[in-house]
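Below is one structure, written out as structure tokens; comments come after it.
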Amino acid sequence: MDDMKVLIVDDEMRIRKLINDFLTLKGYKCIEAADGEEAVEVFFSDKNIGIIILDVMMPRMNGWDVVKTIRQSSRVPIIMLTARGEEQDELHGFDLGVDEYISKPFSPKILTARVDAVLRRTRSGSSEDIVCGKVTINKAAHTVLADGQAVDLSFKEFELLEYFINNKNIALSRDNILNNVWDYDYFGDSRTIDTHVKKLRAKLGPCGDQIKTIWGMGYKFTEQ
């Protein structure tokens, strides 16, 4: 995996070791931190960290505060781990800019698949702009313009927008979106999609109207 590293942050040593062992078998280079403050120190001192796997409940600095600190200067993908399964916790994570959300206990194989999926898309970008109506995305630069204005999206919001634009004017079911944007064994429901669409519409401003709701089915992205 070149020089790219995975930063694993959890106050439980056995959890860190479990994740580290599985990712190492897949060829990833892993680095660990036992609490939030250490995670921030490690992240800003090592420029080769390409993705973070981050626990929520930790001493010294919790996961939410780590995300807030890192998001001030970096869009590095973040997968959040938590013992909680409450919807409000998940929504809070997405509000802060978390890209993925996994509740404990979790399958190490599923976690590894999510890391694969995130990094595969990160590296497969094209340098060309994709335009649909007043929305422009550049996959390689991971940038979005809505009516000429820069829009700051999370990794998963960007993937969702890209999928919509690549399938413009096509009615897409929630199952279809899950299978293509969340391309792994996803243990969740359609609320995840609806949450992302709601946030995406808000961030796109007036251009958010290009995302049409198909009642009882899903969504469609139009050029106007």
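Using the Cα gyration tensor of the stretch 19-59, with a ≥ b ≥ c the square roots of its eigenvalues, what is the shape: rounded (a/c below 1.5), prolate (a/b larger than b/c) or oblate (neither)?
Here the stretch 19-59 falls in the oblate category.
By how many degrees, 0 to 90 and rounded to 10, does the Cα axis of helix 191-204 deviate from the longest principal axis of the chain?
Taking the Cα atoms of the chain, the angle to 191-204 is about 70 degrees.
For Glu32, what residues show an amide H to amide H distance below 5 Å, using hydrogens built from the backbone and excluding near sequence neighbours?
Those qualifying (amide H under 5 Å, at least 5 residues apart or on another chain) are Ile8.
Would you calculate, for the chain, the mean residue ellipticity at 222 nm contributed by helices, counting each DSSP H stretch of 4 or more residues as -39,500 (n - 2.57) and dividing by all residues, to the nearest 500?
Helix-only estimate at 222 nm: -12500 deg cm²/dmol.
Would you please put 27-35, 209-217 in order of how densely packed they are, using the mean number of other Cβ atoms within 10 angstrom per residue and starting with the highest?
So the peptides 27-35, 209-217, ranked by packing, come out 27-35, 209-217.
Quick check for you: with a 1.4 Å probe and neighbouring chains kept, what is the accessible area per residue of the chain, in Å²?
I get 49 Å² per residue for this part.
What angle do you read, to the nearest 10 degrees and between 0 and 90, between the alpha-carbon axis of helix 36-45 and the longest principal axis of the chain?
In the chain, helix 36-45 runs at an angle near 80 degrees to the longest axis.
If we sort 168-180, 96-108, 152-164 on the protection proxy, mean other Cβ atoms within 10 Å, highest first, what's the order? Present the calculation step by step, with values, prior to reporting the outcome.
Details: 168-180: 14.9, 96-108: 17.5, 152-164: 21.2.
Output ranking for 168-180, 96-108, 152-164: 152-164, 96-108, 168-180.
So what are the ³J(HN,Hα) numbers for the stretch 158-166, from phi and the Karplus equation (6.51, -1.76, 1.60; θ = phi - 60°), rounded to whole Hz, Gly and Pro as x?
Residue by residue, the stretch 158-166 yields 4, 4, 5, 4, 4, 5, 4, 5, 5 Hz.
Tally up the carbon and sulfur contribution to the accessible surface of the chain as a whole percent, 1.4 Å probe, everything protein left in place.
Numbers: 5350 of 10870 Å².
It is 49 percent, rounded to a whole number.
Between Ile130 and Lys212, what length comes free when the chain is fully extended (0.36 nm per residue of separation minus the Cα-Cα distance, one decimal in nm)?
So the chain would gain 27.6 nm between Ile130 and Lys212.
Assuming R0 = 41 Å, what is the FRET efficiency of Asn166 and Met57, from their Cβ-Cβ distance, to the nearest 0.05?
It comes to 0.60.
So what is the relative contact order of the chain, in percent, for Cα pairs below 8 Å that sit 6 or more residues apart?
14 percent
Ordered by residue, what ³J(HN,Hα) values in Hz, to whole numbers, does the stretch 214-223 give under the Karplus form 6.51 cos²θ - 1.76 cosθ + 1.60, where θ = phi - 60° and Gly and Pro are x?
Taking θ as phi minus 60°, the curve returns 9, 4, x, 9, x, 9, 9, 9, 10, 7 Hz for the stretch 214-223.
Take the Cα radius of gyration of the chain and divide it by 2.2 N^0.38 Å, with N its residue count; two decimals is plenty.
Details: Rg = 17.5 Å, N = 224, 2.2 N^0.38 = 17.2 Å.
Taking the Cα Rg and dividing by 2.2 N^0.38 Å, one obtains 1.01.
Using unit Cβ charges (K, R positive; D, E negative) and no other charged atoms, how large, in debye to the nearest 20, is the dipole of the chain about its Cα centre?
With only Lys, Arg, Asp and Glu charged at Cβ, the dipole is about 500 debye.
Report, in degrees rounded to the nearest 10, the 0 to 90 angle that the Cα long axis of helix 108-123 makes with the longest principal axis of the chain.
Between helix and principal axis, roughly 50 degrees.
The values are calculated or read from the model by the stated rules, or taken from the named source; none is laboratory data. Bear in mind the structure is a predicted one, so any value in this text is a computation, not a measurement. No Cβ is skipped: glycine too gets one built from the backbone with ideal geometry, and neighbour counts run over all protein chains shown. Each accessible area value is taken on the protein alone, full model and side chains, heavy atoms only, with ligands, DNA and RNA left out. Shrake-Rupley method; radii C 1.70, N 1.55, O 1.52, S 1.80 Å.
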